[in-house]
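S.K.: First the structure, which I've put down as structure tokens, then a few questions once you've had a look.
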């Protein structure tokens with residue numbers, strides 16, 4: 001069962017900027033990767049923000065800033081590493097409605113964007129972040145689209161470094177992954193994920209969970225593909241981040 005109602009009063013999200021967002025954080029090189037870092041430097045809790053295949057987009061940077069600044073009672077420093085090392089997918093490939101676009105995406109997923117390749121870097125990366133920011137004691141993780149698969153891979157291990165996790169409009173939803181996930185997990189689905197897979201994934205989760213479908217939103221509404229100039233998308237983008245903040249406040 002999804003748990004509703006715990007996120008209503010947790011936080012005050014600043015007004016969502018529809019266009020021309022100016023990021024609040026800074027970039028550091030950590031573990032050899034350019035990493036967007038935002039939030040209070042004295043926080044003992046951190047969130048690893050795993051972007052979608054399009055990399056550093058304003059909608060994703062704004063999302064990271066929301067997570068790091070909106071809950072005054074729960075402070076998080078948020079880290080967004082550039083797993084693609086400056087070579088993300090081109091947003092014009094999506095939706096993949098031509099043979100050329102499908103081929104480009106296929107090439108990307110078989111090389112730079114192969115999920116196990118990035119998932120394998122996560123444990124070492126967290127150690128490098130902790131060296132640079134030794135006050136961090138507890139980790140949460142949130143992944144978007146492609147990043148959702150990385151969350152599934154890294155939280156379904158017996159020695160996961162994460163205390164709580166979230167997946168937003170996750171790609172490649174596999175109910176078999178959920179069978180091994182024992183930590184609290186939040187899954188926010190769009191209308192484009194398979195409802196059957198989402199339902200089975202929810203049923204297989206072993207720990208506390210919040211699973212919810214934003215039924216009129218597209219795959220990507222909380223990350224790079226979000227059209228924040230559309231009032232309804234903007235509203236659901238904000239509600240999505242509010243839901244994440246409520247979940248992490250409860251479980252991290």
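S.K.: Please work out the Cα center distance from segment 124-158 to segment 52-69, rounded to the nearest Å.
M.R.: 16 Å
S.K.: Testing the spin-label approximation: label points 7 Å from Cα along Cα→Cβ at residue 196 and residue 180. State their distance in nm.
M.R.: In this crude label model, residue 196 to residue 180 measures out at 2.5 nm.
S.K.: If contacts are Cα pairs under 8 angstrom and at least 6 residues apart, what is the relative contact order of the chain in percent?
M.R.: 23 percent
S.K.: If each residue's Cβ is checked for other Cβ atoms within 10 Å, how do 232, 239 rank with the fewest at the top?
M.R.: So the ranking, lowest neighbour count to highest, is 232, 239.
S.K.: Could you state, as a whole-number percent, how many of the C-alpha pairs of segment 36-171 are farther apart than 25 Å?
M.R.: For segment 36-171, the fraction of Cα-Cα distances above 25 Å is 26 percent.
S.K.: Then there's this: When the C-alpha atoms of segment 122-180 are aligned to their principal axes, what extent does each axis show, in angstrom, from largest down?
M.R.: That works out to 35, 22, 16 Å along the principal axes.
S.K.: If we count other beta carbons within 10 Å of each Cβ, what is the order of 236, 28, 103, fewest first?
M.R.: Taking fewest neighbouring Cβ atoms as first place, the list is 103, 28, 236.
S.K.: Compute the Cα gyration tensor for segment 75-130, then decide on rounded, prolate or oblate, letting a ≥ b ≥ c be the square roots of its eigenvalues: rounded whenever a/c is under 1.5, prolate when a/b is larger than b/c in the other cases, and oblate in all that remain. Don't jump to the answer; show the numbers that get you there.
M.R.: Values: a/c = 3.61, a/b = 2.17, b/c = 1.66.
Prolate is the answer for segment 75-130, as a/c is 1.5 or above and a/b outweighs b/c.
S.K.: Related question: Subtracting the Cα-Cα distance from 0.36 nm times the residue separation, let me have the gained length for residue 26 to residue 72 in nm, one decimal.
M.R.: 14.5 nm
S.K.: Looking at the square roots a ≥ b ≥ c of the eigenvalues of the Cα gyration tensor of segment 122-252, which shape do they give, rounded for a/c under 1.5, prolate if a/b is larger than b/c, or oblate?
M.R.: Since a/c reaches 1.5 but b/c is at least a/b, the shape of segment 122-252 is classed as oblate.
S.K.: Further question: Taking neighbour counts of Cβ atoms within 10 Å as a proxy for exposure, in what order, fewest first, do 37, 142 appear?
M.R.: Going from sparsest to densest Cβ surroundings: 37, 142.
S.K.: Further, regarding this structure: In deg cm²/dmol, rounded to 500, what helix-only [θ] at 222 nm does the chain give when every DSSP H run of at least 4 residues adds -39500 (n - 2.57) and the total is split over its residues?
M.R.: Counting only the DSSP helices, I get -10000 deg cm²/dmol.
S.K.: Something else now. Would you work out if segment 191-252 is rounded, prolate or oblate? Take a ≥ b ≥ c from the square roots of the eigenvalues of the alpha-carbon gyration tensor; rounded if a/c is under 1.5, else prolate when a/b is larger than b/c, oblate otherwise.
M.R.: Here segment 191-252 falls in the oblate category.
Readers should treat all values here as calculations from the given coordinates under stated rules, not as data from a laboratory. No experiment lies behind these values; they were computed from the predicted model shown. Ideal geometry is used to build each Cβ from the backbone, glycine not excepted, and the neighbour counts take in all protein chains shown.
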